[in-house]
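Okay, so here's the structure we're looking at.
The values are calculated or read from the model by the stated rules, or taken from the named source; none is laboratory data. Every value quoted in this text rests on a predicted model; they were computed, and no experiment measured them. Neighbour counts run over all protein chains shown; Cβ positions are idealised from the backbone, glycine included.
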Amino acid sequence: MQRALTLTATRRLAVRRHAVALRFRAAAAMSTLLVSRPQYAWLKELGLEEENDGVYDGRWGGGGEVVTSYCPANNEPIARVRQATMAEYEQTVQKAREAWKIWADVPAPKRGEIVRQIGDALRKKIKVLGSLVSLEMGKIYVEGVGEVQEYVDVCDYAVGLSRMIGGPVLPSERPGHALIEQWNPVGLVGIITAFNFPVAVYGWNNAIALICGNKLSISYDLFTFVCVCVQLNRIVANVLGQNNLPGAICSMTCGGADIGSAIAKDERVDLVSFTGSTHVGKQVSLMVQERFVFEDADLNLAVPSTVFAAVGTAGQRCTTTRRLMLHEGVHDAVVERLAKAYKQVRIGDPWDRNTLYGPLHTKQAVEQYLAAVEQAKQQGGTIICGGKVMDRPGNYVEPTIITGLAHNAAIVHTETFVPILYVLKFKTEEEAFSWNNEVKQGLSSSIFTKDLGRIFRWLGPKGSDCGIVNVNIPTSGAEIGGAFGGEKHTGGGRESGSDSWKQYMRRSTCTINYSKDLPLAQGIKFE
């Protein structure tokens, strides 16, 4: 007698995860370190070895756990890195604070010259560094090179800024007095950087904080790509050494949650710049991005913009579009065009110049993708396309479009760094703006419309409450000249352009009496 076996949704997910894990283990078992293979000889030209130091405080070291970095395109091991112990973290902070006594005395324009040299050193290795980003993170080659170029651009920006930072001389109400707003470096800046932009996040903070006169302690967590980060720190350390400056000005500690928590809680760290998840010990919510398409939108702009922002970097950007809100008058047409466009996305090897979509960064990300798809179905969603792990080596999943969910469905409000686009249908402008602002996160948002009134309402006090508010362009692709950052649980700080340099400094109002009189406040006179 035959019996039919009915699997629950949870059981089906478990079976799929087990199958994925078996493929991962099989690939890893057949592997030797890529750094030792002839076709990857360029890795050793960069200075990477089979096992690399993950701590730098003027000297290289690392006595903690040895972790292996894997290539997400095939799950083969690249190289190993020795992480920091807590004792090494303590020593790194102490040496960084000592190095600041020297760095703070260097005039800002000369600090800018050091940053210029860092940018030049990056330019010389931009293609090979871009290849390393692609190999270790999985983003396509052109994105890897573009990320290194962003660090170079920020260096150029910081060089000019080094001759401009400072406060105004203000008119004093007292004769013979000068009122000055003075800006000084905050001190030790702790940077806990991100898996999805390991070079750019490092670069934003490194270049601007350095010209402001700060020393830096950089932490990379377990899912940040340590080979890239070690190589970046080597480049910066070499420039500092060539200028007879202490390497501890830019220290580094690779580690897990213990190191991240230590930086977040350390009162000697004057400013923490955090990009990542909560497991490193500081409660920082992840970011959810929104896009609206109104009935008057130019669909020739809206559709490719959505595809770029939802699928680019395999949905792992912090500005990736997660929610797409479509006016009921264009909903079906846009979904149809998106589904057709998704089928044409070129998926493949990140190093193939024709590839537009690569793998997810880790096996855990694949599991998160499967869990999110299952939850969306349980909450009433309909999968228009995608929804499955691809049958090929590496961490590849299908880019996915899901419709039919309520705007307040739990999964819609849950951030997941995977290529899943939730499509919602709205009726009115007020409804759409309200849905945009109802989530706890708020980094980037965009609308597509030709209505000038609607555009300025979107930019106004009752419009988007995100840190980046766009019109007729994707949520991704921010320029370095503007301040980059979000609001609400996404945080209120800013990085990169505009006046974001101020967060790396402390402000003092200084009054100087250069006369021989002593006019006191409130007209008080002592006889």
* To do: Report whether or not Ser131 is assigned to a helix (DSSP H, G or I), among the polar types (S, T, N, Q), at negative phi and surrounded by fewer than 22 Cβ atoms within 10 Å (Cβ to Cβ).
  => yes
* Selection status of Thr414, surrounded by fewer than 21 Cβ atoms within 10 Å (Cβ to Cβ), over 19 Å from Ala297 (Cα atoms) and among the hydroxyl-bearing types (Ser, Thr, Tyr) -> yes
* To do: Quickly run through the range 158-204 and pick out the residues that are of a type in the set (Phe, Trp, Tyr) and touching a strand residue (DSSP E or B) at 6+ places or on another chain (Cβ under 8 Å).
  => Trp183, Tyr202, Trp204
* Asked: Among the residues of the range 298-346, how many are farther than 16 Å from Lys425 by Cα and surrounded by 20 or more Cβ atoms within 10 Å (Cβ to Cβ)?
  -> 15
* **Matching residues, the range 455-478, being aliphatic (A, V, I, L, M), in a loop (DSSP other than H, G, I, E, B) and touching a helix residue (DSSP H, G or I) at 6+ places or on another chain (Cβ under 7 Å)** => Ile473
* To do: Can you confirm whether the range 476-490 contains a residue that is surrounded by fewer than 20 Cβ atoms within 10 Å (Cβ to Cβ), over 24 Å from Cys155 (Cβ atoms) and β-branched (Val, Ile, Thr)?
  => no
* Structure fact -> In the set Arg116, Arg97, the lone residue that is surrounded by fewer than 23 Cβ atoms within 10 Å (Cβ to Cβ), in contact with a Lys or Arg (Cβ under 7 Å, 6 or more places away or on another chain) and assigned by TED's automatic domain parsing to the domain that holds Gly62 is Arg97
* **Failed criterion for Ala158 (all others in (1) among the small types (Gly, Ala, Ser); (2) outside any loop (DSSP other than H, G, I, E, B); (3) farther than 21 Å from Ser498 by Cβ hold)** => (3)
* In the range 378-392, which residue that is touching a residue at least 24 places away in the same chain (Cβ under 8 Å) and buried (at least 17 other Cβ atoms within 10 Å of the Cβ) is nearest to Glu438 (Cα to Cα)? -> Gly381
* To do: Considering every residue within the range 68-86, establish whether at least one is assigned by TED's automatic domain parsing to the domain that holds Leu34 and part of a helix (DSSP H, G or I).
  => yes
* Structure fact -> Within the range 41-62, the count of residues that are touching a residue at least 40 places away in the same chain (Cβ under 8 Å), crowded, with 16+ Cβ neighbours inside 10 Å and at negative phi comes to 9
* To do: Filter the range 312-330 down to the residues that are at pLDDT below 95 and of a type in the set (Val, Ile, Thr), then identify the one that is farthest from the chain's Cα centre (by Cα).
  => Thr321
* Could you tell me which residue of the range 393-405 is surrounded by the most Cβ atoms within 10 Å (Cβ to Cβ), considering only residues that are over 26 Å from the mean Cα position of the chain (by Cα) and assigned to a loop (DSSP other than H, G, I, E, B)? => Leu405
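Yes/no per residue for (1) out of contact with any Lys or Arg (no Cβ under 7 Å at 6 or more places or on another chain); (2) surrounded by fewer than 22 Cβ atoms within 10 Å (Cβ to Cβ); (3) modelled with pLDDT under 85; (4) not assigned by TED's automatic domain parsing to the domain that holds Lys110:
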site: Phe225; (1), (2), (3), (4): yes, no, yes, no
site: Val228; (1), (2), (3), (4): yes, no, no, no
site: Leu232; (1), (2), (3), (4): yes, no, no, no
site: Ala257; (1), (2), (3), (4): yes, yes, yes, no
site: Ala264; (1), (2), (3), (4): no, yes, yes, no
site: Glu267; (1), (2), (3), (4): yes, yes, no, no
site: Asp270; (1), (2), (3), (4): yes, yes, no, no
site: Phe274; (1), (2), (3), (4): no, no, yes, no
site: Asp296; (1), (2), (3), (4): no, yes, no, yes
* Asked: Quick check: anything in the range 40-53 among the aliphatic types (A, V, I, L, M), out of contact with any Pro (no Cβ under 9 Å at 6 or more places or on another chain), over 26 Å from Ala314 (Cα atoms) and modelled with pLDDT of 95 or more?
  -> no
* Asked: Restricted to the range 370-406, and to residues that are among the small types (Gly, Ala, Ser) and out of contact with any strand residue (DSSP E or B) (no Cβ under 6 Å at 6 or more places or on another chain), which residue is nearest to Pro350 (Cα to Cα)?
  -> Gly394
* Kindly indicate which of Leu216, Leu161, Leu170 is surrounded by fewer than 24 Cβ atoms within 10 Å (Cβ to Cβ) and under 30 Å from Arg268 (Cα atoms). => Leu161
* the range 499-527, residues that are surrounded by 14 or more Cβ atoms within 10 Å (Cβ to Cβ) and either of a type in the set (A, V, I, L, M) or in a loop (DSSP other than H, G, I, E, B) (or both) -> Met505, Pro519
* Out of the residues in the range 433-458 that are over 23 Å from Arg494 (Cβ atoms) and of a type in the set (D, E, K, R), which is surrounded by the most Cβ atoms within 10 Å (Cβ to Cβ)? -> Arg454
